[in-house]
Structure formats: C-alpha cells, structure tokens
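Inspection log for the structure reproduced underneath, given as structure tokens.
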Amino acid sequence: MQSRRVVITGMGQISPLGMDLDTFAAALEAGTSGIRKIESLPADALPSPYAGEALDFTGNIADFGEVDKNQTRSIRKNLKVMCREIQMGVAAAQRSLQNSGLAAGSYDPERSGVIFGSDYMMTIPEEFDKATAACVNDSNEFEFEQWAEKGLPEVTPLWLLKYLPNMPASHVAIFNDMRGPNNSITLREASAGAALGEAMMTIARGHADLIIAGSTGTRVHETRTCHSYLQDPIAKGTDESAGKCLPFDLNRKGMIIGEGAGALVLESLEHAEARGAKILGEVIGQSICTGWNADRTPDRATAIHNAMSVACSDAGIKPGDIQHINAHGLGSQQSDWDEAAGLTRFLGDKAQEVPVVAMKSYFGNLGAGCGVIEVIGSLLSQQKKSLPGTLGYSTPDPKCQLKLSAEPQEITSNGVFVSLNFSPQGQASAIAIRGV
C-alpha cells in the first residue's frame, strides 16, 4: 500500500470535444460526438474521411490558457521546436496548472516534477522538402549518394527536437521551473495510465510533492495516418456509418482516428491541504501489466485481467466496489472481444452489475492522449453525478457481456472508478480513482 495519499487538484485537456472543461463536460452530457469529416488532411484520398480532430487547437499562444508574461514569451519562442502533439501536451499541462490554482513560484521547484506519456512521434514530410529536392538530378531521380553533401545542409538543425517523445515533459518542466522527477513513457495507448501510475508512486514514496502527469497523442497526421490505415483496424468506408465509433456494439466497424492531450495535477494530500487546494479526486491504485500466449503473441485478455486485478488490489477494493469502468473501447472487433474477455474474467459475477462506459465513442482513438482525457471525463461526470452513455450502443455483441448503455446513468460524486487502456502489443494500464 502507498505511504502517502495522492490527490488530483487540476485538470486540463485538448480534444475533439473542445479545450475548456465546461465545453468537454457539456458534450459528454449532451451526447455530442467530436468525430466528423477530416479537415487537416485530404479526406477524400483516405479509406475513411472521418476523424476526431481537435479543431479548436491552433497552436497559438491563446490556446495555452492564461499564462503570465514570462511564460508567454518562453512558450511562444519554443513553439517552432514543438510538433503539434507536443504543443497539445504542453497546452493541456498549462491548463491543468491554471485549473489547480497553482501560480508560478508558489511551489518548491525541487519537489515538483513532470511525467508525460506519448506515442512515437513522426516527422511531417515537409521537413525534408528542400533536402530531398537538392538531391534530385536532371532526370528527376533522387540520388542518395548526394544526401550527405547536398541534402543534410538543407535540413533545419533543430528539426529532431520537434519530434522527440521526451520533449513534452521537458518543455513543461522548463516553462514552470519544475526541477524534480521528470520522466517520459511511450507505451502507445497504455502510456497515459502508466504515466499517472508512475506519478502517483513517485509522490507516494516521498520523492515529490507535486507532479503534472499527462499524455499526448495523435492518429491524425500526414504520415501517422498512413501507418494507422496500414496497421490498425480502422472503420473504413465513406458512408455515415464509417464515421461512428461503436465500442462493444455488434455492428461496430473499427476504430476512428483522432488526436488530443490531457494532464492532471497530482499532489500529496498534505501539500494540497496546506495550500487550501480544491481536491477533485484521489488516485488510490495503479498497474501496468502485459500478457503473452504460448506462441509469443499478445494475450490482451490476460493483460487486462491482470491490470484490473493489480490496480484494485493496490487500491484495496473488490470488483463490487467499483462505481464504473472507463473502458478502452476501441470499437474494433477483436480488440473489444479481448477487452470484454479480460473484464468479465476480472469482474466475475459482477460483470452485469458494474457500469462500463467507452468514451472513444465520442472522439475516437487519440493514441497515448486517450487515457488522461478519459479520466477527466469520468471526474467531470462524477461532479455532475451522471455517467454519459456510450454513443451509438444499440445492439449488444453476445461475446461482450458487459453492462453498457447508450443512456446516461446516475452516479455518486464519491465513488471509485477504474480507467483502463491497452496497446495492440498487450500492454495494459489501469488507474483506480476515488471521486470526492
């Protein structure tokens, strides 16, 4: 069991449902989807023209919230060395700090840190336009042997800084003078839960009093989108049904790509109480697990079962104590079957009693950005005492015996929920949080 209690005092998110918390909560409450026709890419050239884009986020300094003059100068100066994923992550972190009421200089820098999760980040092709053109001969053929002499000098010297997955944590720490623990975690969709869990344990063992924990990710990207359509179970087609993410529904077609970032301010209970902070929830359990079959293929059902079991054991709770589960709910056939198998194995005779919600039905798969945003969705739902329904859920899949509903359900503000996410490779993370 952890030695120090860890509480949540701030939230910030950038998602297809907007950038401020009230707009995000209102969309969940109203059952409003953030999935629509893609605007940032040539939609008609893709196998499906739909995505969950964070359209409100433009990368302008105003998107980072109410930052002071010094931070404004610093962030604006560094925008040129941040790709969109990093920008969203930093913006979510700054908004979480503002939501927490923490002002710059009001905390001990040596006892404050940043832990951020992310996907692997990909360069956009435009970064190499000039370099590539410099190596094209008169026959319009690319000559690789010219790359060192003619190509590399045309590459912007700092281009790599824009795409390193450790940079969200680095930028947030620098902008806010946080000199304590700093870590970056890249486990695809499992990154968010792993980052929150690491932050919780770091505070619990006394190595920090305050940590910004978050994650950022995208599947909407000139190169990453191509990867997704080649590798992931995408809902393909151009009709309206292809633009719906339907987790656990019999008629689901696959996942919808998206982008977003979320961040939470975590503090030791003593630190939060000493400054009179408003406590939004308490992190009481965490886990990161994996599972493999005998043929060395991922056993996601076992990973999910193990992650749920360990997180709840860490929290000192049983399946029947869970108010709701915020599921991964990718919306693809095999992924949902695996998740349902792992959850029903864990829940046992409580499988038809514990409510399950799948928030990707509202915004799609945001990669590493999903987990923290889903936690924020659960916390906001507890504040409103209403758990949103899973959008589009109408025909239960007989192989997914879970308690899902398309309609909102009444909940209390102080129940325990578990947020679950996992990667295709079988890495599963779970976070148990008690509302207030």
Item to complete: Any chance you could run the full-extension gain for Asn293 through Glu141? It's 0.36 nm times the residue separation minus the Cα-Cα distance, nm to one decimal.
Response: 50.1 nm
Worksheet item: Packing-wise, with mean Cβ within 10 Å as the measure, how do 33-41, 66-74 rank, highest first?
Response: 33-41, 66-74
Item to complete: Could you size up the charge dipole of the chain around its Cα centre, putting +1 on the beta carbon of Lys and Arg and -1 on that of Asp and Glu, and report it in debye to the nearest 20?
Response: 900 debye
Fill in: Positive-end residue of Ser313, Thr238, His171, charge dipole of the chain with Cβ unit charges
Ser313
Response to the item:
Packing-ranked peptide list from 327-337, 129-139, 344-354, 173-183, highest mean Cβ count within 10 angstrom first, is 327-337, 173-183, 344-354, 129-139
Discussion item. Between Glu240 and Glu410, how high is the FRET efficiency from 1/(1 + (r/R0)^6) when r is the Cβ-Cβ distance and R₀ = 25 Å? Nearest 0.05.
Written reply: 0.20
Practice prompt. Could you check how much of the accessible area of the stretch 124-229 is carbon and sulfur, as a whole percent, using a 1.4 Å probe?
Written response: 55 percent
Item to complete: With a point put 7 Å past each Cα toward its Cβ, work out how far Lys318 is from Phe128 in nm, to one decimal.
Response: 5.7 nm
Discussion item. Could you work out how much longer the chain between Ala274 and Gln383 gets when fully extended? Use 0.36 nm per residue separation minus the Cα distance between them, nm to one decimal.
Written reply: 36.9 nm
Practice prompt. Subtract the Cα-Cα distance of Ala148 and Ala30 from 0.36 nm times their separation in residues, and report this length gain in nm to one decimal.
Written response: 36.9 nm
Worksheet, complete the sentence: Pseudo-spin-label distance Glu66 to Lys403, built 7 Å along Cα→Cβ, given in nm, is 4.1 nm
Fill in: Inter-part distance where the stretch 60-119 and the stretch 371-436 are each reduced to a Cα centre, Å
28 Å
Discussion item. Would you calculate the convex hull of the Cα atoms in the chain and tell me its volume per residue in Å³?
Written reply: 148 Å³
Worksheet entry | Compactness relative to 2.2 N^0.38 Å, alpha carbon Rg of the stretch 262-307 | 1.88
Worksheet item: Solvent-accessible area per residue for the stretch 129-200 at a 1.4 Å probe radius, Å²?
Response: 52 Å²
Worksheet, complete the sentence: the stretch 318-342 and the stretch 223-286 have their Cα centres apart by a whole-number Å value of 14 Å
Fill in: Accessible solvent surface per residue of the stretch 338-406, calculated while the other protein chains remain in place, 1.4 angstrom probe, Å²
29 Å²
Worksheet item: Residues of the stretch 29-80: accessible area per residue at 1.4 Å, in Å²?
Response: 58 Å²
Worksheet item: Roughly how many percent of the accessible protein surface of the stretch 31-78 is carbon and sulfur, given a 1.4 Å probe and a whole-percent answer?
Response: 47 percent
Discussion item. If I take every Cα pair under 8 Å that is 6 or more residues apart in the chain, average their sequence separation and divide by the length, what percent do I get for the relative contact order?
Written reply: 23 percent
Response to the item:
Counting only protein heavy atoms with a 1.4 Å probe and every protein chain in place, the carbon and sulfur fraction of the accessible surface of the stretch 322-365 in whole percent equals 45 percent
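The values are calculated or read from the model by the stated rules, or taken from the named source; none is laboratory data. Computed from a prediction, not measured in an experiment: that's the story for all the values here. Counting neighbours? That spans all protein chains shown, and the Cβs are built from the backbone with ideal geometry, glycine included. Remember, those area values only see protein heavy atoms, side chains included, never the ligands or the DNA or RNA. Shrake-Rupley method; radii C 1.70, N 1.55, O 1.52, S 1.80 Å.
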